[in-house]
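Let me begin by presenting the structure, written as structure tokens, before commenting on it.
The values are calculated or read from the model by the stated rules, or taken from the named source; none is laboratory data. Every value quoted in this text rests on a predicted model; they were computed, and no experiment measured them. Reconstructed Cβ throughout: ideal geometry from the backbone, glycine too, with neighbour counts over all protein chains shown. Just so you know, the surface numbers come from the protein's heavy atoms only, side chains and all, with ligands and any DNA or RNA stripped out. Shrake-Rupley method; radii C 1.70, N 1.55, O 1.52, S 1.80 Å.
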Amino acid sequence: MSFPTGFLWGGAIAANQVEGAWKEGGKGPSVADVATYKPHTDVKDYKAHNAISMDAIRKAMAETDDTYYPKRRGIDFYHHYKEDLALFAEMGFKVLRLSIAWTRLYPTGEETEPNPEGIAFYRNVFEEMQRLHIEPLVTLSHYEMPLHLSVTYNGWTERKVIDAFVRFCRTCFEQFGSYVKYWLTFNEVDSVIRHPFTTAGIVPDLCGEKGELACCYQALHHQFVAAAMVTKLCHEMIPGSQMGCMLTKLTTYPNTCRPEDVELTLKKNLDNYFYSDVMIWGEYPRMTLRRLEKQGIKIQMEQGDLDIIREGTVDFLSFSYYQSCTESVDPNAERTPGNTILGVKNPFLPANDWGWQIDPVGLRISLLELYDRYRIPLFIVENGVGSKDDVVQPDGSIHDPYRIDYFRRHFIEMEKAIDDGVELMGYTSWAPIDLISASTNQMSKRYGFIYVDQDDMGNGTLKRYRKDSFMWYQKVIATNGEDLT
Ligand code: BG6
């Protein structure tokens, strides 16, 4: 029992959470640049952290002090990328998942020609990765669409955005196709429903009578069409390339064997599969359309959309896995927040300080379920644990046994799933370096093997330090997962 030869070990980051330099190199503002750090809001209240309005956007854009807009500064990967890539190479990374900020190439999304400075930046990054023998896995859209498209068209609700995205992707394939073989379209495409602004640029005030939920499904349809178009384009423009879809895997357990709990759980799991069903099988599940119809939601589709979706299916399925969920029909069941969900508390699982329940066996269950359903290669492109306990010792060391323990237990389950016959291409931890949290905009929710000296308010030297887990992961990669001690 072991990891296959050539297994792609590495880590995952996103432009909006690391790059910073939000006004440099001709970059335009993205939805991430108005995301606000709310120090007095309960970190478990993800809805409050993700709340947005036109007023909040105007206020943010008028604000010149960036203290409360941490994604504008990230961890300054824009200027530190060589140092960070060298650290990833030192850990032995075979792959790095990263995203391309749409607004570095097309500041508003509507330009007809790309910004040469943006292209030069990513070209430098990919060249450096090539030199270090790190394979890129590129996400084309990771929570960073142009703010202009969001406020002008209410994001992806407007069909016009498809053209803008295809133009951006075509530029990426043209400019970076010689460096990049593995691509992903939308990060956690299912998350449109949970945080519509972050994922699809939808501002509730702009939804009008139609309502936010209907806007979300319309936006999703446009993303499905766009994803299928660029998947086809990628195959045409880059011979040998592979395109994946990306799902938040929210494996749900019934709280009891009460049939109603089991039925609710089944529906939750089917809802989670809806997105990958469309992108892998190339068609809308009949039951989802029926559910939407019953909710009074009618997706506007143009003639030919379903053909595009059918012809643009993906080569592999990638997913994030942080936790499992539990469901119950009992209104009194105790609930706990997790990865932008509110599920029933599972008494068998510990949780981190943000309430995300830790369940390594759930990863194995997810792998088995996904592979059994789709029979295409899988790629775990996010998995990790946020912690506020990392402390730099006087000698510069950082002891994070909890992180090592988290990864070890997840790797053991991955190994078992591979042994069960699952085809797993690789694994990229979230995140190999401390970065700005997507949901709470905190710096103190630390995920990395590498510590970055910066606090929630942006104070710090930005110096990078190796945590104990850095050396541990280095050993795991060097032995291809044989030595997990
Ligand atoms: C995933 C996102 O949902 O979870 C990442 O793709 C995000 O962007 C990660 O950072 C962890 O979530 P958070 O809120 O702890 O940063």
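What percent do you get for the relative contact order of region 8-478 when only Cα pairs under 8 Å and 6+ apart count? Kindly include the intermediate steps, with their values, before the conclusion.
Numbers: 964 pairs, mean separation 83.6, N = 471.
This gives 18 percent for region 8-478.
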Based solely on C-alpha atoms, express the radius of gyration and the Dmax of the chain in angstrom. 21.0, 65
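Defining a contact as two alpha carbons under 8 Å apart and six or more residues distant in sequence, what relative contact order in percent does region 258-345 show?
Working: 66 pairs, mean separation 26.7, N = 88.
Answer for region 258-345 is 30 percent.
Provide the per residue accessible area, probe 1.4 Å, for region 8-478, rounded to a whole number of square angstrom.
On the way: 17750 Å² over 471 residues.
On a per-residue basis, 38 Å².
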From the phi of every residue in region 192-203, what ³J(HN,Hα) in whole Hz does the Karplus formula 6.51 cos²θ - 1.76 cosθ + 1.60 yield, where θ is phi - 60° and glycine or proline is x? 3, 5, 8, 9, x, 6, 4, 8, 10, x, 7, 9
What ³J(HN,Hα) values, in whole Hz, does the Karplus curve 6.51 cos²θ - 1.76 cosθ + 1.60 give for region 279-292 when θ = phi - 60°, with x put for Gly and Pro? 7, 9, 8, x, 8, 6, x, 4, 5, 5, 4, 5, 4, 5
Amide H neighbours of Ser429 at under 5 Å, excluding residues fewer than 5 places away on the same chain, with H built from the backbone geometry, are Gly10, Gly11, Ala12
If we restrict to alpha carbons, what Rg and Dmax does region 170-233 come to, in Å? 14.3, 46
Using a Cα-Cα cut-off of under 19 Å, which lysines could be cross-linked to Lys416, ignoring same-chain neighbours fewer than 8 residues away? Lys249
Excluding residues fewer than 8 positions from Lys232 in its own chain, the aspartates and glutamates with Cα under 19 Å of it are Asp163, Glu174, Asp277, Glu283, Glu302, Asp305, Asp307, Glu311, Asp315
Could you list which residues have their amide H under 5 Å from that of Ser141, counting only those 5 or more apart in sequence or on another chain, with H placed in the peptide plane? Asn187
Using amide H atoms built in the peptide plane, which far-off residues or other-chain residues are under 5 Å from Arg159 H to H? none
Could you sort 238-247, 392-401 so that the peptide with the highest average Cβ count within 10 Å comes first and the rest follow in order? 238-247, 392-401
Return, ordered by residue number, the residues of region 242-260 whose backbone nitrogen is under 19 Å from a label point located 7 Å along Cα→Cβ of Asn332. 255-260
Report ³J(HN,Hα) in whole Hz for each residue of region 259-268, in order, from the Karplus equation J = 6.51 cos²θ - 1.76 cosθ + 1.60 where θ = phi - 60°; Gly and Pro get x. x, 5, 5, 5, 5, 4, 5, 4, 5, 4
So, over other residues within a Cβ distance under 14 Å of Lys82, counting Lys, Arg +1 and Asp, Glu -1, the net charge is -4
20 Å reach of a label modelled at Glu174, 7 Å along Cα-to-Cβ, counting backbone N of region 81-116: 100-116
In the neighborhood of Asp66, defined by Cβ-to-Cβ distances under 10 Å, what is the net charge if each Lys or Arg adds +1 and each Asp or Glu adds -1? +1
Given an 8 Å cut-off on Cα distances and at least 6 residues of separation, report the relative contact order of region 104-205 as a percent. 37 percent
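Around Lys249, what is the net charge, scoring Lys/Arg as +1 and Asp/Glu as -1 over all other residues with Cβ under 11 Å from its Cβ?
Numbers: positive: none; negative: Glu188, Asp190, Glu369, Glu382.
Surrounding charge for Lys249 is -4.
Take each of the peptides 252-261, 177-186, average the number of other beta-carbon atoms within 10 Å over its residues, and list them starting from the highest. Working shown, then result.
Details: 252-261: 16.4, 177-186: 20.7.
Top of the packing list down: 177-186, 252-261.
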Packing-wise, with mean Cβ within 10 Å as the measure, how do 47-55, 313-321, 443-451 rank, highest first? 443-451, 313-321, 47-55
